[in-house]
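What follows is a structure written as structure tokens; I'll ask about it next.
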Amino acid sequence: MHKTRMRQLLLSLLFHFIFFACFSGGIKGTIKANDGTPLPYASIFVRQTGSGASTDLKGNYEIILPPGHYDVVFKFLGYESASRVVDIERDFQEIDIILNPETILLQTVTVKANQEDPAYTIMRKAIAKAKYHTQQLDSYSAKVYIKGKGKLKDYPWFAKKALEKDGITKDRLFISESVSEVKYTRPNKFEEKVIAVFTQGTNRSASPNNYFFGSFYEPEIAETVSPLSPKAFSYYKFEYLGTFKDGQYEISKIKVIPRSKGDNVFEGEISLVENWWSIHSFELRASKLGIHFQVKEIYNPVEDKAWLPVSMQAIVTGKVFGFDFVGSYNATVKEYKIKLNPAMPVEMEVIDEKLEKEEAKRVTRQFSQKNQQLKQRLENGKEITNKELKQLAKAYEKTEQQKQKEPDVIAETKFAVDSMAYKKDSTFWSNIRPAPLDKEEVRGYKKTDSIGEVQRRRDEGDTLKSKRKHKGFNPFDVLTGNGYSLGKSSNFEIHTPWGGYNTVEGVNAIYRLSYYQRWVKRDTANKEKRADTKRLEISPVFRYAFAREKLTGFLRIDYRTRLSRLTISGGRYIQQFNSDEPIHPFVNTFTTLVQGQNWMKIYERDFIDLNYRQRINDKYSFRTQWSLARRHELFNNNNYSFSDKSGERFTLNAPVNVELTDTHFADNTALTGVIGFEARPWQKYRIHNGRKFREDRSSPVLMLEYRKGFNQLLGSDVNYDLVEVGIREGIRLGVRGLLDMNLKAGKFLNSKSMFFMDYKHFTGNMTPFMTTDPVGSFRILDYYKFSTRDKYISVNIHYHFRKFLISRIPKARLFGLTENFFINYLATPSSNNYTELGYGLNGILRLFRLEFASSFQNGNYVANGFRIGISTSLSVRFSDN
């Protein structure tokens with residue numbers, strides 16, 4: 001059997017060798033500078049096939065081509081391009097290329113003291129035409145080859161043992177390759193299908209880079225302002241470096257200089273094609289949270305109609321928490337097929353009205369008649385000013401969006417991996433690679449493959465012991481938690497036990513089990529339609545209070561569909577007086593044990609709760625909550641703390657409130673109901689694989705809620721009515737910052753019978769830690785002091801500076817430090833215009849924020865305090881529920 005397989009393998013290899021020796025042809029060679037230095041990742045573009053390739057680290061290249069006549073262009077940033085005409089038969093032609101440095105010619109311009117740099121008129125024209133370039137193509141398709149590799153240069157000592165156990169060492173190179181078929185359809189649809197992936201071992205998460213779809217003609221790319229953005233002049237200064245020839249085209253090279261270094265800006269050089277005002281190439285650098293990116297791209301005219309990227313190189317370096325890494329990605333594009341948008345002309349003359357004032361006036365006078373519409377002038381190749389071009393492109397884009405089936409969708413992407421992607425043979429990869437693997441890359445694959453084989457054996461289980469460990473139940477799972485598959489669509493989970501400490505329960509232990517069931521229904525008649533998924537979760541939760549010597553718990557059943565969610569729960573459990581739970585149990589454990597302050601106030605309820613949420617459509621949703629509960633007061637049972645063993649600083653388990661001087665209560669029954677509506681009238685979306693994702697800050701969120709306490713129904717002792725309205729919005733304010741605000745106002749129309757847990761509570765904080773949403777909570781407000789049964793207004797405003805005090809220091813910005821200023825305001829009959837003013841430093845160690853706040857009542861100082869929280873860049877700003 002072994003000999004038979006070996007014979008088949010040898011015959012297969014012999015066949016491939018004979019076939020490609022007889023029928024393969026193309027070009028190969030080396031690209032060097034005029035001083036003999038090899039040029040790595042130089043670009044080779046074949047006009048007839050619309051294909052790109054690149055050299056390896058030693059400047060070598062090899063391109064397989066069928067017999068035919070070809071025009072080939074060789075490029076490298078900073079060097080003059082070279083062209084060759086070749087006729088391919090059945091053999092490879094060896095073509096070695098020498099590239100000379102670009103001959104930069106400065107324009108004959110006399111720059112006076114009050115005259116701007118020539119770069120600005122070039123950039124104004126390019127920026128004016130950027131929107132045109134996004135609409136120039138009706139569609140294109142291409143094949144993209146991407147090679148990614150990375151290395152961990154250093155890591156902290158405490159991670160050494162764990163990393164080396166997984167085969168990760170400082171000399172190990174991680175490498176993967178992929179080939180994708182991509183397609184773009186105007187105005188905003190991208191499709192990507194991975195047809196091949198080459199990565200050995202167990203790590204098969206490689207996929208083509210999403211940033212390949214990013215366009216520098218858009219205002220932002222990867223949350224960084226493009227030099228061709230309409231607001232680029234607010235972020236950048238530009239310097240004209242000169243003009244050089246690339247074949248028949250004149251290329252202007254511009255230096256991009258950020259006005260203030262830090263996140264969200266590029267620096268480097270960009271080259272633009274004169275008269276076309278399209279990108280020729282660029283080399284730009286950017287930083288994000290201390291991670292540095294260097295991106296190089298080379299464009300080429302495809303079918304002499306549109307300039308499109310043919311090769312790209314990205315280098316990523318950084319050091320995060322002692323992990324020092326470097327990675328690189330190289331992409332080449334082949335087989336471009338484009339279709340132009342007939343509404344957009346190929347040629348036009350753009351006039352800069354700021355510099356070419358007389359010419360702009362002449363054009364405006366000449367074409368001011370009604371019968372000379374902008375569109376007609378463009379179709380006839382007439383002149384047009386920057387301003388007119390921007391207006392036309394913007395109006396055209398708006399019209400196109402209105403014609404869409406879903407005008408609120410700003411981008412739609414599809415991503416799929418072919419079932420045969422991981423099964424391509426070595427012959428396929430030899431043909432598709434723009435350059436052969438170098439020795440280090442081959443070693444990297446071999447290393448990964450050997451480690452992957454060891455891991456595979458572990459996973460499959462060479463011994464009975466390993467099978468039990470990975471496949472069966474382990475008694476220690478009861479203490480550590482684990483998940484178990486019960487089939488293709490169901491599983492069972494033992495959650496890791498947890499708990500805390502408070503003065504009512506002492507130490508408490510919480511244990512949770514979960515059963516999950518999922519149903520997926522696909523429309524076989526319409527493969528493009530998103531699958532209908534339904535999900536059921538059944539979870540019993542148990543809680544044991546050692547000081548009370550009491551076991552409580554509840555059962556929760558949660559059923560979800562794509563547009564709705566129903567949750568039913570019931571049992572006996574503990575709850576904070578503010579049901580939004582403003583103090584986290586872990587934080588309360590710390591403050592109780594370490595500081596001797598028991599801020600969390602709780603009571604017990606026997607309850608049945610029903611919650612239902614329905615998304616009416618993409619912009620409007622409805623929710624309702626119903627609860628029947630028997631509520632019991634609880635008292636302190638434990639006074640132990642590390643700092644105050646006598647427990648004298650502990651307060652009673654009864655909140656302190658200005659309006660209600662005694663918050664103790666007798667056992668009572670409450671039947672309550674809530675109806676709420678939420679609207680996002682101008683919401684924009686992105687669609688990925690049929691699933692919609694909301695675009696942040698594209699619409700305010702409007703809220704309306706009515707809450708009712710029913711009297712004498714099912715024994716209910718409460719009687720009240722509350723109406724609340726709210727608005728939440730995030731706004732970008734120019735180049736300097738972001739403004740988030742959350743406003744709520746409400747009034748009790750009836751408050752005849754209420755207990756303290758029925759009052760309107762506000763999200764306060766008295767601990768050193770902030771665990772709640774920074775936009776919508778107070779920093780040093782007592783949790784219950786100003787809770788009310790009357791009218792109220794709550795205002796939270798959070799302004800995120802791009803550059804203020806500390807963030808003026810370039811190194812601080814490069815490490816991701818930003819600053820915030822916030823104002824919180826609360827008006828109730830007893831709050832005396834409670835106001836907080838605060839300042840925050842965000843992004844400390846990339847994870848945390850430190851804030852300082854002062855509080856005032858009627859303008860008079862009350863208190864201040866420092867708070868530590870999670871960086872706002874990691875916080876959830878808007879709920880999708």
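The values are calculated or read from the model by the stated rules, or taken from the named source; none is laboratory data. Since this is a predicted model, take the numbers as computed values, not measurements. Virtual Cβ from ideal backbone geometry, glycine too; neighbours counted across all protein chains shown. Note: accessible area is taken over every heavy atom of the protein model, side chains too, but ligands, DNA and RNA are not part of it. Shrake-Rupley method; radii C 1.70, N 1.55, O 1.52, S 1.80 Å.
Hey, can you tell me all the residues within the stretch 682-721 that are in contact with a Lys or Arg (Cβ under 6 Å, 6 or more places away or on another chain) and open to solvent by less than 50 Å² (accessible area, probe 1.4 Å)?
Listed by number, the residues that qualify are GLN683, TYR685, GLY690, SER698, SER699, VAL701, ASN719, ASP721.
Could I ask something else about it? Within the stretch 432-442, track down each residue that is out of contact with any Asp or Glu (no Cβ under 7 Å at 6 or more places or on another chain) and either at pLDDT below 70 or open to solvent by less than 60 Å² (accessible area, probe 1.4 Å) (or both).
Within the stretch 432-442, ILE432, ARG433, PRO434, LEU437, GLU441, VAL442 qualify.
Let me ask something additional. What number goes with the only condition from (1) assigned to a strand (DSSP E or B); (2) at pLDDT below 80; (3) in contact with a Ser or Thr (Cβ under 7 Å, 6 or more places away or on another chain) that LYS319 does not pass?
(3)
Filter the stretch 166-202 for residues that are at pLDDT below 70 and in contact with a Ser or Thr (Cβ under 7 Å, 6 or more places away or on another chain); which is least open to solvent (accessible area, probe 1.4 Å)?
GLY201
Can you tell me which residue is nearest to ASP696 (Cα to Cα) among those in the stretch 712-756 that are of a type in the set (Asp, Glu) and within 27 Å of the chain's Cα centre (by Cα)?
GLU729
If we scan the stretch 806-820, do we find a residue that is surrounded by 15 or more Cβ atoms within 10 Å (Cβ to Cβ), under 20 Å from THR763 (Cβ atoms) and in contact with a Phe, Trp or Tyr (Cβ under 9 Å, 6 or more places away or on another chain)?
Within the stretch 806-820, one or more residues are surrounded by 15 or more Cβ atoms within 10 Å (Cβ to Cβ), under 20 Å from THR763 (Cβ atoms) and in contact with a Phe, Trp or Tyr (Cβ under 9 Å, 6 or more places away or on another chain).
If you take the residues of the stretch 650-667 that are touching a residue at least 40 places away in the same chain (Cβ under 8 Å) and farther than 21 Å from THR589 by Cβ, which of them is most open to solvent (accessible area, probe 1.4 Å)?
Out of the qualifying residues, it is VAL656.
Taking the stated definitions as given, is LEU739 open to solvent by 30 Å² or more (accessible area, probe 1.4 Å), at pLDDT below 95 and either basic (Lys, Arg) or in contact with an Asp or Glu (Cβ under 9 Å, 6 or more places away or on another chain) (or both)?
When the stated conditions are applied, LEU739 passes them.
Can you tell me which residues in the stretch 845-864 are within 16 Å of PHE804 (Cα to Cα) and either among the aliphatic types (A, V, I, L, M) or in contact with a Cys (Cβ under 6 Å, 6 or more places away or on another chain) (or both)?
LEU850
Tell me whether the stretch 617-635 contains one or more residues that are without any contact (Cβ under 8 Å) to a residue 40 or more places away in the chain, among the polar types (S, T, N, Q) and open to solvent by less than 80 Å² (accessible area, probe 1.4 Å).
yes
Another question about this same structure. I'd like the full set of residues that are open to solvent by 60 Å² or more (accessible area, probe 1.4 Å) and at pLDDT below 70, limited to the stretch 322-352.
GLU347, GLU349, listed by residue number.
While we're looking at this one, here's another question. For a quick check of your reading of the model, give me the residue pairs whose first member lies in the stretch 223-235 and is assigned to a strand (DSSP E or B), whose second is modelled with pLDDT of 85 or more and among the hydroxyl-bearing types (Ser, Thr, Tyr), with beta-carbon atoms closer than 7 Å and at least 6 apart or on different chains.
VAL225/TYR235
In the stretch 777-792, is there at least one residue being crowded, with 23+ Cβ neighbours inside 10 Å, more than 13 Å from SER831 (Cβ to Cβ), touching a residue at least 12 places away in the same chain (Cβ under 8 Å) and of a type in the set (Lys, Arg)?
yes
Just a yes or no: is a residue in the stretch 268-281 closer than 30 Å to LEU845 by Cβ, charged (D, E, K, R) and in contact with a strand residue (DSSP E or B) (Cβ under 6 Å, 6 or more places away or on another chain)?
No, the stretch 268-281 contains no residue that is closer than 30 Å to LEU845 by Cβ, charged (D, E, K, R) and in contact with a strand residue (DSSP E or B) (Cβ under 6 Å, 6 or more places away or on another chain).
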